[in-house]
Amino acid sequence: MARAREGAVERTREGGAPPGEVDHVNAHGGGVPRHDRAESAAYRAVLGRHAYNVPVTSIKAMIGQPFAAGGALQIVAACFSLAEQFVPPTMNHDIPAPECDLDYVPGHGRPARVNRVLVTSRAIGPTHSAVVLGRLENN
């Protein structure tokens, strides 16, 4: 899981943006405790200390688990975050597990400076994908 995220962040670094310039994470966040803990650990591993300053959200609690369409819908949500400078909420994230200690934006979305979004998705089985999306420089 961390390898896909590391790959996306590494490609971003090659394009001139270090991991510290990721402003938002649109996470797979399927609500499975074991997976959510692993996902949190992967963000800490990839983003380092910066992980604690990045709002992390999952849209799955609002849209359900659309399986094959999940990644595409997360890309759409990430594009809206970039365009509107707004981070959507992670609904029903009332009592986080101790290992899920990042900024998961519970309950209500919020305005934020969003120039780069790390989008991560997981398929059934061991398939993970990650991509970093960014705003055009003149926007």
* In Å, descending, principal axis extents of the Cα set of region 42-116 -> 29, 26, 23
* Cα gyration tensor of the chain - equivalent ellipsoid semi-axes, whole Å, descending -> 20, 17, 15
* Structure fact -> In Å, the Kirkwood hydrodynamic radius from C-alpha pairs for region 19-60 sits at 10.5
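All of the numbers you see were taken from the coordinates with simple rules; none came from a lab. What you are looking at is a predicted structure, and each value in this text was computed from that prediction instead of being measured.
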